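Reading through the C-alpha cells given below for one structure.
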Amino acid sequence: MIDRETVDRIYAAANIVDIVGEYVTLRRKGVNYVACCPFHNEKTPSFVVSPTKGVYKCFGCGKAGNAVTFVMDQESITYPEALKIVAKRYGIEVKEREMSEEEVRRNDDRESMFALNGWAADYFANYLHHEEEGMSVGMTYFRQKRGMTDATIQKFGLGFCPSKGDRMSQDALATGYQQEFLLSTGLSLQRENNGSLFDRFRDRVIFPIHNISGRVVAFGGRTLRTDKSVAKYQNSPESEIYSKKRELYGLYFAKKAIQQQEFAILVEGYTDVISMHQAGVENVVASSGTSLTTDQIRLLGRFTRNITVIYDGDSAGIRASLRGIDMILREGMNVRVVLLPEPEDPDSFARSHTAAELQAYIRDNEQDFLTFKANLLLQDAQGDPIKKATLISDMVQSIAQIPDPIQRSVYIKECARTMEIDEPVLISEVARKRMVTSGDHETDEFIRRQGVQVQKGGERPATEYVANVEAGSGIEALERELVKYLLKYGHCSFDYKEGRNMVACNVAQVIFDELGADHIEFRNPLYGKIMSAYREQWLEKGVGVEIPAYLFINHPDPDVCNRAVDILTSDDNYVASELWRRKEVHIESDAEMLAVGVPKAVTLYKSKVIEGWIKELQARLHDDLPDEEMAALIQRLTAYNRAKVTIANKLQRLIL
C-alpha cells in the first residue's frame with residue numbers, strides 16, 4: 001500500500017478542477033464550478049466542484065468526494081490505483097507498503113494487461129510502418145482505400161498484425177510477456193489439441209481502442225480478405241480492463257472537441273470516426289459496430305447532453321437502430337438526426353468533402369428525432385389507417401422515454417400536429433405507457449386526475465408529519481447527525497440550561513461523554529470510523545481546538561473521504577436573507593442552534609439504542625434459560641426501562 005506521506009503529497013498536488021474536467025464539462029459559477037452530474041441522469045446541473053476545498057458534491061444524488069475518489073469511481077478502479085493515476089499526472093513518485101496478496105495480484109494483473117496491450121499497440125504500429133507485409137498490405141489499405149494520411153494513422157495508432165498465425169504471440173513471449181495475459185487480453189487464442197498459441201488478429205489491420213484516459217484496453221481487427229467465411233471484424237473479448245458496453249471508440253480523441261462544441265456526433269464504425277477527424281470534425285465517436293448501450297450513453301453524457309446521430313442512406317439499417325434513439329431519450333439527452341444521401345456513409349462522405357462542407361451539411365440537414373422518425377415511418381403508412389395507428393403507437397413509445405415532463409409535453413404537441421390526432425389522447429397514451437414500462441408514479445397521478453377533482457389548499461396530514469419525523473430519526477440517521485455536529489462544530493461551545501443555571505458545554509465533549517457513559521458504539525461502521533478518527537485527534541489536541549477538515553476529506557479510506565465531504569458540504573441550516581431581517585424575524589445563531597440540536601440528537605440517539613437493547617432482551621425472555629441467567633436478564637431489562645423513562649422525560653423537556 002502507498003505510505004501516508006506520499007498520499008499527502010498526492011492530495012496536496014491534485015487540482016480537482018483539472019482532474020474532474022477531464023471527465024465532465026465544467027462551467028465556472030462564482031468561486032465554484034458546476035456540471036451535470038456524471039453519477040446520475042439530470043438535465044439541470046447540480047454537481048458542484050469547489051477548488052478551494054478540493055471536493056465535489058452532487059446536490060441531486062448526494063455523491064461527494066475528492067479528486068482521487070472521483071478518479072476511482074470514474075475508472076472503476078481501486079483507491080491505490082486511483083492514487084497512482086493522480087500521482088503520475090503530477091510527477092509524484094509513489095512509495096508503497098506491503099499490500100495483501102489479493103491486492104497485489106489484482107493490481108499486478110491489471111497493470112500487466114495494460115502493459116501488454118501497450119506493447120501490442122506499438123508492435124502492430126511498428127509492423128505496419130516498417131515490415132514489408134505491413135507496408136504493402138496494411139499501409140496500402142489505409143492510404144489508398146481509405147485515404148488516410150500518415151498523421152491520421154499515427155494519431156489513432158493504427159497497425160497490422162502479421163499473417164503468420166503465431167508470430168505476434170511468439171514475439172510477445174520472447175519479449176517476456178506471460179501466456180496468461182496474452183489469453184486474458186484476447187490477443188492470443190489457444191489450440192485445443194496441443195495448447196499452443198496463435199494470434200487472434202492475424203492478417204488484419206488493427207484499430208486500438210482507448211479508454212477515456214487514453215490507455216489501450218482492447219483492439220479491433222479488420223480482415224482485408226474477400227472470403228465470406230471469414231468474419232469482417234474481430235474484436236477483443238471482455239476482460240478485467242475492457243467492457244465493450246462501457247467504451248466508445250474515439251472518445252479519448254473527441255472529448256475536448258465535444259466540450260468545446262457542446263454536442264457529440266455518433267456514428268457506427270472505426271473508419272467513420274477516423275475519416276471525420278481527418279476532415280476536421282473531431283467531436284465524433286462510435287459504438288464500434290455494437291448496439292448502443294446505456295453505459296455508453298451515460299459515458300458520453302459526462303461531456304454533453306446533445307447528441308447528433310448520423311445515418312447513411314440504408315433505410316433498413318436506420319429502422320433497426322431507432323431503438324438506440326429511444327435509449328438516448330431515456331437518459332434525458334437531446335437527440336438530432338442527420339441522414340446522408342445514398343449511397344454515402346460517414347466515412348465516404350467525410351473523405352469527399354471539406355471540413356466546412358461537412359459541418360454545413362450537418363447543420364443544414366439535422367432534424368429533431370420526432371420529425372425524422374415520423375417522416376420515416378409515414379412512408380410505410382400512406383393511406384393505411386391500421387399502419388398509421390401502429391406508427392402513432394411507435395411514436396408514443398419514443399416520447400414516453402423522455403424523463404423531463406416539459407420536454408415530453410412539447411413533443412406530444414408536435415406529434416399531435418404531425419399525426420393529426422387529438423392531443424389529450426396522446427397525453428393519456430404516453431402517461432399509460434410510462435406507467436407500464438417505467439413504473440412512473442407521476443403518470444399514476446395523471447390518470448387519477450382524469451376522474452378526481454384535486455382539492456386545493458388544506459393542511460398537511462398529521463400522519464405525514466409523523467412519518468417524516470420517524471424517517472429521519474432512525475439510528476443511522478442520528479449517527480450521521482452526531483458525526484455532522486463533530487465535523488462541523490466539534491470545537492464550538494454553547495450554553496445549556498441545567499435547572500436555573502447556564503452551563504458552558506463543548507460539542508465534542510458532550511457527545512463523547514454522553515455516549516461513553518453508557519458504553520455506546522456506533523452501529524454504522526463508517527460513522528464509527530469517522531467518530532474514532534475524530535476522537536483520536538480530539539484527545540491529542542484538547543477540548544475546544546478545531547480538528548482540520550482535510551484530515552477527513554483526504555482520509556486514507558475513500559469511503560470516509562466521500563462521506564465526510566458529503567456531510568461537510570451539506571447545508572442543513574436556514575440561510576438568513578435580507579427579507580427575513582427586514583421583517584425582524586430572529587435568525588438562529590450557531591450557538592443557539594447547537595444548544596438545542598446537540599442535546600436533542602444525543603438524547604434521541606441514546607433513546608433509540610436503549611429501545612433496541614430492550615427489544616433484544618425481551619426476545620430472550622422466551623428462551624429456556626437457567627434461573628440465574630433469567631434473573632440477571634430481568635434485572636438488566638428493568639434498568640434499561642428505568643433509563644428509557646429518564647431519557648423520555650429529558651427528551652420531553654428538550655422538545656418543549
Discussion item. I'd like the residue in the range 322-341 that is over 16 Å from Thr304 (Cα atoms) and charged (D, E, K, R) and, out of all such residues, is farthest from the chain's Cα centre (by Cα).
Written reply: Arg323
Practice prompt. Need at least 2 residues that are modelled with pLDDT of 80 or more and among the charged types (D, E, K, R) per element, so show me which helices (runs of 4 or more DSSP H) inside the range 391-480 make the cut, counting only ones lying wholly within it.
Written response: 405-419, 423-438
Worksheet item: Does Gly186 satisfy the criteria of being over 19 Å from Gly250 (Cα atoms) and of a type outside the set (Phe, Trp, Tyr)?
Response: yes
Worksheet item: Can you find a residue in the range 492-503 that is assigned to a helix (DSSP H, G or I) and open to solvent by 30 Å² or more (accessible area, probe 1.4 Å)?
Response: no
Practice prompt. Please enumerate the residues belonging to the range 171-205 that are crowded, with 22+ Cβ neighbours inside 10 Å and in a strand (DSSP E or B).
Written response: Ser188, Asp199, Arg204, Val205
Worksheet item: Which number in (1) open to solvent by 90 Å² or more (accessible area, probe 1.4 Å); (2) under 23 Å from Val596 (Cβ atoms); (3) not small (Gly, Ala, Ser) marks the one condition that Arg523 misses?
Response: (2)
Worksheet entry | Residues that are among the basic types (Lys, Arg) and within 15 Å of Lys255 (Cβ to Cβ), drawn from the range 196-218 | Arg215
Worksheet, complete the sentence: Every listed condition ((1) at pLDDT below 95; (2) under 22 Å from Thr271 (Cβ atoms); (3) in contact with a strand residue (DSSP E or B) (Cβ under 8 Å, 6 or more places away or on another chain)) holds for Asp227 save (3)
Discussion item. Anything in the range 408-422 that is more than 21 Å from Gln367 (Cα to Cα) and surrounded by 14 or more Cβ atoms within 10 Å (Cβ to Cβ)? List them, or say none.
Written reply: Ile421
Worksheet entry | Test: residue in the range 282-291 that is surrounded by fewer than 19 Cβ atoms within 10 Å (Cβ to Cβ) and under 23 Å from the mean Cα position of the chain (by Cα) | yes
Item to complete: Please enumerate the residues belonging to the range 336-391 that are farther than 24 Å from Thr149 by Cα, touching a strand residue (DSSP E or B) at 6+ places or on another chain (Cβ under 7 Å) and among the β-branched types (Val, Ile, Thr).
Response: Val337, Val338
Response to the item:
Within the range 602-642, residues being of a type in the set (Phe, Trp, Tyr) and either touching a strand residue (DSSP E or B) at 6+ places or on another chain (Cβ under 9 Å) or modelled with pLDDT of 80 or more (or both) number 2
Worksheet item: Name the residues in the range 151-167 that are under 37 Å from the mean Cα position of the chain (by Cα) and farther than 18 Å from Pro346 by Cβ, would you?
Response: Ala151, Ile153, Gln154, Gly157, Gly159, Phe160, Cys161
Discussion item. Pull out all pairs, ordered by first then second residue, where Cβ-Cβ is under 9 Å, the residues are six or more apart or on different chains, the first lies in the range 335-359 and is open to solvent by 70 Å² or more (accessible area, probe 1.4 Å), and the second is of a type in the set (Phe, Trp, Tyr).
Written reply: Arg336/Phe263; Arg336/Phe369; Arg336/Phe372
Discussion item. I'd like to know if the range 161-170 contains one or more residues that are closer than 30 Å to Lys256 by Cα, part of a strand (DSSP E or B), open to solvent by less than 10 Å² (accessible area, probe 1.4 Å) and at pLDDT 95 or above.
Written reply: no
Discussion item. From the list Asn211, Asn235, exactly one residue is open to solvent by 20 Å² or more (accessible area, probe 1.4 Å), closer than 23 Å to Ile274 by Cβ and touching a residue at least 40 places away in the same chain (Cβ under 8 Å). Which is it?
Written reply: Asn235
Discussion item. Looking at the range 151-167, can you tell me whether even one residue there is within 23 Å of Ala279 (Cα to Cα) and of a type in the set (D, E, K, R)?
Written reply: yes
Response to the item:
Quick count over the range 529-574, residues being without any contact (Cβ under 8 Å) to a residue 12 or more places away in the chain, open to solvent by less than 80 Å² (accessible area, probe 1.4 Å) and among the aliphatic types (A, V, I, L, M), is 0
Discussion item. Filter the range 351-383 down to the residues that are outside any helix (DSSP H, G or I) and among the hydroxyl-bearing types (Ser, Thr, Tyr) and list them by number.
Written reply: Ser352, Thr354
Worksheet item: Which members of the range 140-160 meet the condition of being open to solvent by 20 Å² or more (accessible area, probe 1.4 Å) and not in a helix (DSSP H, G or I)?
Response: Arg146, Gly147, Thr149, Gly157
Worksheet item: Checking Glu536 against (1) under 25 Å from the mean Cα position of the chain (by Cα); (2) assigned to a helix (DSSP H, G or I), which test does it fail?
Response: (1)
Fill in: One residue from Thr25, Thr52 being surrounded by fewer than 17 Cβ atoms within 10 Å (Cβ to Cβ) and either of a type in the set (D, E, K, R) or part of a loop (DSSP other than H, G, I, E, B) (or both)
Thr52
Worksheet item: Using beta carbons and a limit of 7 Å, which pairs, at least six apart or on different chains, have the first residue in the range 394-407 and open to solvent by 30 Å² or more (accessible area, probe 1.4 Å) and the second one among the small types (Gly, Ala, Ser)?
Response: Pro403/Gly332; Asp404/Gly332
Item to complete: Return the only residue of Ile265, Ile328, Ile274, Ile310 being surrounded by 21 or more Cβ atoms within 10 Å (Cβ to Cβ) and under 21 Å from Gly21 (Cα atoms).
Response: Ile265
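The values are calculated or read from the model by the stated rules, or taken from the named source; none is laboratory data. Since this is a predicted model, take the numbers as computed values, not measurements. Neighbour counts are summed over all protein chains in view; Cβ atoms, including those assigned to glycine, are modelled from backbone coordinates with ideal geometry. Only protein heavy atoms, including side chains, enter the accessible area calculation; ligands, DNA and RNA are left aside. Shrake-Rupley method; radii C 1.70, N 1.55, O 1.52, S 1.80 Å.
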